[in-house]
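Okay, so here's the structure we're looking at.
The values are calculated or read from the model by the stated rules, or taken from the named source; none is laboratory data. All values reported here derive from a predicted model rather than from experimental measurement. Cβ placement follows ideal geometry from the backbone for every residue including glycine, while neighbour counts extend to all protein chains displayed. These area figures cover heavy atoms from the full protein model, side chains too; ligands, DNA and RNA do not enter into them. Shrake-Rupley method; radii C 1.70, N 1.55, O 1.52, S 1.80 Å.
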Amino acid sequence: MKKLILTASVMAPISLGGAAYGQSVNYGDLQELFGEPVTTSATGKPQRQSEAPASMIIITGDELRRSGARTLPDILQNYAGIDMNRYATGQRDITVRGGNMPLNPRLLVLVNGRQAYLDHYGYTDWNLLGVEMSEIQQIEVVKGPNSALFGFNAAAGVVNIITIDPLRTGNKFSASAQGGTHDTYSLSAMGSVKLGEKAALKVSAGMQEEDDWDDITTSIYKPKRENFSGEFTAQVADNVRASASYTYATAKQATQAYSYSMHNSDSTLQGINGTIAADTKAGLIKAQVFYNTLDQDVPSISANFGIKNNILSVKLEDLLKVGSNHSFRLGVEYRRNEYEIKDNASGQTYYDVYAGSGMWEWQASEKLVLTNAVRVDRLNLGHGEINEPYYPRTPEDYDKSYTELSYNSSLSYTVDDQTRIRVGAARGIQAPSLNALGVSIIVPNVIIVAGNPNLAPSVSKSYEIAFDRSISAINGAFNLTGSMTDVSDFLAASHNAIVGGVANTGEVVLTDEKVGDFKTYAIEAALNGRAMNDKLGWSVNYTWTDVKEDLLTDALEVDLTLDSGTPTHKVNVKFDYVDGPWNAYVVGRYRSATEQRIAGGTVYADLGGNVTVDARVGYTMDNGVSLWVTGENLTSNNAAGLSTFRADSRFLVGVGVNF
């Protein structure tokens, strides 16, 4: 019966002549109704998590805030199939199903559909999201390639961060302050207000600063972030809804690059995002435009090394339901991506992307659902005028084009009311970073680091089979998933530094090349439930991962160690307790032994298996004031970050208000 209600609730806006008009998905109400989250990240169509045609994780905003996690990677690592390495306080890298590395380029991250992934180096700086924990509605993670829906760089998976809808939330305000060891302090505030019955405004701001270690003074930056965002939403007409947002974020921190050398970086990101959706007789038509501009200085590379990166994306899609058994999504996108090194005469590297996509979901029978999605991207590479005499490239070298096909296909069979079996296949695409294509670092008579315009996109093929069963006896569910991912012509973040030759003036020329191929095999098992009259939520998950690599060791003797650097075994155990004003959250993690490269060298360290525990206890008063205490890495495990940088224990206290 709930399945029929869901169809009426979230499919009406995309049916021909439907009675609901232009509304965004009401995540909170639908989750309360069905007892599970609703998502659009798998196909672009609203559907229950248990019916999505892909392996997914959905983390609600309430759980996120109870967890005490101060960054999103801190909570993502608690789920099956997720790998997280922490190289310094300001840098965490996330991947799906093995093969993590500094500046991981294979995970696409979005905020309300606006790309947070940084194309200049090809990675996500989690301190530049411009989002406060208090405004997050939910986090949706798609495990496995999903380029057919999201385009380039969703090669290992997608993290889609969805913030609260101010028009649905109404008048609300929250603020918090937190501090503790390592000179840690943070401030956060979020407010939304309705402007009449059909418009609303939401603003948020925050900052955080802390030391990497409590007893070591180094030349690297003390990690610090500051951000501000604002969003205006309006019901323009009964069937038309529009929103516009602005994001400003800065981060000053140390970053470990692909070469395993540590660099200071000072980054500022500004983003503008606009969407409009209309429920028409031709379906739910949605248009989105976003523009990101990044300004980054990396003073430890050279005396004056800075990067500018601009991204413009224009999307149009139509989501419609034909009859009772067929749903379709058709879309087109144009993207312009520009990169240049500040105060450098080597010119601008850019590319234009033209893409078309489609999705078809067929309810073949009451029990059988087939979902297919496909996308074709045409990338046209180019370069501006080059006035640097030492640069060994010409604009004509960049006159290249690539056409790439992405697809996702899933067949789902419902055995009974509690059991579902799903098989899937996908082909994802990772684009070369703009830095790899067009970098220019020149030390006359010594060395030239030059971009490589011959780099083509990398391909990830994935196959998986999944078994899901709800278990009423524990008020929970069990999931078992097996997968294989085959990555060919892998592209590291940048500076693979294969020797490219010697210039006429005597400089050694280094350039980026494809690193090679690797495969990952993974088995994920997860069990969750609720007890004590629904006051206690619990979960346990296990991941087995095996990485087989055939990768180059480059001219700087950098070996990625995707195989030995990935834990074979991972176990996470979580307890989430809420009883009246009290709440408590405890998570324990086990990671088997790995081998990690020591920063700045060619020496590797063996890290034994490790156990870490994080915990938070909070109390909320009747007036909306909350108090809490948080402990991170309570086991004082130096290898908790799966890197050779020491992981300290941290203790924090906080106070917040919410009304």
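Across the stretch 403-416, the qualifying residues are those that are more than 25 Å from the chain's Cα centre (by Cα) and in contact (Cβ under 8 Å) with a residue 40 or more places away in the chain, and the one among them that is least open to solvent (accessible area, probe 1.4 Å) is S412.
Does at least one position in the stretch 571-588 carry a residue that is closer than 30 Å to H263 by Cβ and not in a loop (DSSP other than H, G, I, E, B)? No, the stretch 571-588 contains no residue that is closer than 30 Å to H263 by Cβ and not in a loop (DSSP other than H, G, I, E, B).
For the stretch 428-468, which residues satisfy the criterion of being open to solvent by less than 10 Å² (accessible area, probe 1.4 Å) and assigned to a strand (DSSP E or B)? Within the stretch 428-468, G428, I429, Q430, S440, I448, A450, S458, S460, S462, A466 meet the criteria. Of all the criteria given as (1) at pLDDT 95 or above; (2) out of contact with any strand residue (DSSP E or B) (no Cβ under 9 Å at 6 or more places or on another chain), the one not satisfied by G506 is (1). Residues satisfying the criterion are absent from the stretch 140-152 (criterion: without any contact (Cβ under 8 Å) to a residue 40 or more places away in the chain and not hydrophobic (A, V, I, L, M, F, W, C)).
If the condition is being under 29 Å from V25 (Cα atoms), polar (S, T, N, Q) and in a loop (DSSP other than H, G, I, E, B), then the stretch 100-127 contributes N112, T124. Could you figure out which of (1) closer than 26 Å to E404 by Cα; (2) open to solvent by 10 Å² or more (accessible area, probe 1.4 Å); (3) assigned to a loop (DSSP other than H, G, I, E, B); (4) not small (G, A, S) isn't true of P145? All conditions pass for P145, except number (2).
Which one is least open to solvent (accessible area, probe 1.4 Å) among residues in the stretch 280-329 that are hydroxyl-bearing (S, T, Y) and more than 20 Å from the chain's Cα centre (by Cα)? Talk me through it step by step, then tell me what you get.
Restricting attention to the stretch 280-329, the residues satisfying the condition of being hydroxyl-bearing (S, T, Y) are 280, 291, 293, 300, 302, 313, 324, 327.
Filter again for more than 20 Å from the chain's Cα centre (by Cα), leaving 280, 300, 302, 324, 327.
On the way: T280: 46, S300: 58, S302: 42, S324: 88, S327: 2 Å².
Per the stated criteria, the residue is S327.
If you check Y354, Y334 for being in contact (Cβ under 8 Å) with a residue 24 or more places away in the chain and open to solvent by 20 Å² or more (accessible area, probe 1.4 Å), only one passes: Y354.
Condition check: open to solvent by less than 20 Å² (accessible area, probe 1.4 Å), in contact with a His (Cβ under 8 Å, 6 or more places away or on another chain) and under 26 Å from Q430 (Cβ atoms). Does T349 satisfy that?
Working: open to solvent by less than 20 Å² (accessible area, probe 1.4 Å): yes; in contact with a His (Cβ under 8 Å, 6 or more places away or on another chain): yes; under 26 Å from Q430 (Cβ atoms): yes.
Taking the combined requirement at face value, the residue satisfies it.
Look at the stretch 366-387: where a residue is touching a residue at least 60 places away in the same chain (Cβ under 8 Å) and of a type in the set (K, R) and a partner is open to solvent by less than 20 Å² (accessible area, probe 1.4 Å) and in a loop (DSSP other than H, G, I, E, B), sitting 6+ places away or on another chain with Cβ atoms under 8 Å, you get R375/G151.
Which residue is nearest to D486 (Cα to Cα), if the candidates are limited to the stretch 512-548 and must be buried (at least 18 other Cβ atoms within 10 Å of the Cβ) and hydroxyl-bearing (S, T, Y)? Among those that are buried (at least 18 other Cβ atoms within 10 Å of the Cβ) and hydroxyl-bearing (S, T, Y), it is T520.
Mind counting the residues in the stretch 168-199 that are surrounded by 15 or more Cβ atoms within 10 Å (Cβ to Cβ), of a type outside the set (S, T, Y) and outside any strand (DSSP E or B)? Selection size over the stretch 168-199: 2.
Those residues that are polar (S, T, N, Q) and at pLDDT 90 or above, I need them from the stretch 212-231; list them, please. Talk me through it step by step, then tell me what you get.
Filtering the stretch 212-231 down to residues polar (S, T, N, Q) leaves 217-219, 227, 229.
Correct list: N227, S229.
Taking the conditions (1) among the hydroxyl-bearing types (S, T, Y); (2) modelled with pLDDT of 95 or more; (3) in a loop (DSSP other than H, G, I, E, B) in turn, T485 satisfies each one other than (3). T568 meets each of the listed conditions (1) touching a Ser or Thr at 6+ places or on another chain (Cβ under 6 Å); (2) of a type outside the set (D, E); (3) open to solvent by 30 Å² or more (accessible area, probe 1.4 Å); (4) free of Cβ contacts under 8 Å to residues at least 24 places away in the same chain apart from (4).
For the stretch 571-622, the tally of residues that are open to solvent by 50 Å² or more (accessible area, probe 1.4 Å) and either within 24 Å of the chain's Cα centre (by Cα) or among the hydrophobic types (A, V, I, L, M, F, W, C) (or both) stands at 12.
Looking across the stretch 49-77, the residues that are open to solvent by 10 Å² or more (accessible area, probe 1.4 Å) and part of a loop (DSSP other than H, G, I, E, B) come down to P53, A54, G68, A69, R70, T71, Q77. Scanning the stretch 417-427 for residues that are hydrophobic (A, V, I, L, M, F, W, C) and surrounded by fewer than 22 Cβ atoms within 10 Å (Cβ to Cβ) yields I421, V423, A425. For the stretch 158-167, the criterion of being in a loop (DSSP other than H, G, I, E, B) and under 25 Å from the mean Cα position of the chain (by Cα) is met by at least one residue. Close contacts from the stretch 639-659, counting a first residue that is over 22 Å from R616 (Cβ atoms) and without any contact (Cβ under 8 Å) to a residue 60 or more places away in the chain and a second that is open to solvent by less than 70 Å² (accessible area, probe 1.4 Å) and assigned to a loop (DSSP other than H, G, I, E, B), with Cβ to Cβ under 8 Å and a gap of 6+ residues or different chains, come to A639/G608; A639/A647; T644/I598; T644/A599. The set of residues in the stretch 242-259 that are open to solvent by 20 Å² or more (accessible area, probe 1.4 Å), modelled with pLDDT of 95 or more and of a type outside the set (A, V, I, L, M) comprises S243, S245, Y246, Y248, T250.
Restricting the first member to the stretch 430-453 and to residues that are at positive phi, and the second to residues that are surrounded by fewer than 23 Cβ atoms within 10 Å (Cβ to Cβ) and among the acidic types (D, E), the beta-carbon pairs closer than 7 Å and six or more apart or on different chains are N445/E507.
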